[in-house]
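Worksheet: the structure to be examined is printed underneath.
The values are calculated or read from the model by the stated rules, or taken from the named source; none is laboratory data. Keep in mind it's a predicted model, so treat the numbers as computed, not measured. In this analysis, Cβ positions are derived from the backbone assuming ideal geometry, glycine residues included, and neighbour counts consider all displayed protein chains.
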Amino acid sequence: MSDCGNKNIKYFLGIDGGGSKTEFLLTDTAKKEIRRIVLGSSNPVNMGIDNAFSVLKKGIEEVCDGINLGEVSAFAGIAGSMNSENKNQINNFLSQFGFGFYNNGSDVENALETALGTSDGVAVIMGTGIVAFSRVDTELHRVGGWGYLIDKGGSGFALGSAALNSAFSFFDGRGGSELIFTLAEKKLGKPLNDSIAYIYSRGLTFVASFASVLFEAYKKGDSEAAKILEQNLEETARIISSAAKHLNGDKKIVLCGGLCNQAEIIEPIIKKHLNEEYNLIFSTEPMVNGAISLAERGAEYA
């Protein structure tokens, strides 16, 4: 059990808010899980700050149901919170709950904690978006993560968008892949050409979900899927190489996020495009675990 600086703390609450989902985990001070729930995105950049607050409020109330919040140390790492205005607004929002201790920051902090702990290295987050951070003696260097209008390649959104482009290209005779078209219609549950309004209304995370179509087509030997993955993961390799320039000695690269569930596919393609030998580690550990560690660390100094 942790020796918390605040002796009233009996629980840790970790919140990991990414582009696709927000995970809430409540544990005791021995980090034994009490309750875990998953809701939709809480990224204020994509959905607005009020909608983000609504998701956070619902999640906190559900995961902490019956718990004295004065006995809770919480950390919320929320996408879009590298913007100081969003971070401050979320901090003010969390102040209303009466936590024994609380702090907040970006979901990047959760990822760094999960992937690297306190050690140096590079953490590459491959989810709806993609970003890499190298850390050397607590100093952070960022590569990518500028959003879907700017970043081109390596993210779940980029893969899903390319899959849909291929499907529609096949539909209207511009090329594309018949298999990707078939799998996309299967996922949608209706004809592709009747799904435009539906796709656009669901937004970034829904588009990113079509990355699964791409991986399924790739496993079935589809050459179009292979080409799309090759192009995207070449960009991932460039991001890794750029971030790794800041490291000294062992070049530990931890890749985390939803796309890492396909490590058996993406790892050899990424390695093919790296110009140096790196220690690539694919982590599927939930990034909310990093938020729990940060909640614990905060409580120790409360």
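Screening the range 12-51 for residues that are in contact with a Leu (Cβ under 6 Å, 6 or more places away or on another chain) and crowded, with 21+ Cβ neighbours inside 10 Å and picking the one that is farthest from E109 (Cα to Cα) gives L26. Restricting the range 131-174 to residues that are without any contact (Cβ under 8 Å) to a residue 60 or more places away in the chain, more than 19 Å from S241 (Cβ to Cβ) and touching an Asp or Glu at 6+ places or on another chain (Cβ under 8 Å), the residue that is surrounded by the fewest Cβ atoms within 10 Å (Cβ to Cβ) is D137. Being under 13 Å from A217 (Cβ atoms) and either modelled with pLDDT of 95 or more or β-branched (V, I, T) (or both): is that true of F181 here? In short, yes.
If you check S119, S95, S54 for being farther than 14 Å from N43 by Cα, surrounded by fewer than 22 Cβ atoms within 10 Å (Cβ to Cβ), without any contact (Cβ under 8 Å) to a residue 12 or more places away in the chain and among the small types (G, A, S), only one passes: S95. Against the definition (over 25 Å from the mean Cα position of the chain (by Cα), at negative phi and in contact (Cβ under 8 Å) with a residue 12 or more places away in the chain), how does L179 come out, yes or no? Yes; evaluated as a whole, the condition is true for this residue.
Yes or no, residue by residue, for (1) of a type in the set (S, T, N, Q); (2) under 30 Å from L140 (Cα atoms); (3) touching a strand residue (DSSP E or B) at 6+ places or on another chain (Cβ under 6 Å); (4) touching a residue at least 24 places away in the same chain (Cβ under 8 Å):
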residue	(1), (2), (3), (4)
L204	no, yes, no, yes
K219	no, no, no, yes
T236	yes, yes, no, yes
I253	no, yes, yes, yes
G258	no, yes, no, yes
E276	no, yes, no, yes
L294	no, yes, yes, yes
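Residues of the range 282-300 being touching a helix residue (DSSP H, G or I) at 6+ places or on another chain (Cβ under 8 Å) and not aromatic (F, W, Y), which ones?
S283, T284, E285, P286, M287, V288, N289, G290, A291, S293, L294, listed by residue number.
Scanning the range 184-205 for residues that are buried (at least 19 other Cβ atoms within 10 Å of the Cβ) and not hydroxyl-bearing (S, T, Y), we see that the one that is modelled with the lowest pLDDT is L204. Against the test of being part of a helix (DSSP H, G or I) and more than 23 Å from the chain's Cα centre (by Cα), the options E230, E264, E224 yield a single qualifying residue, E224.
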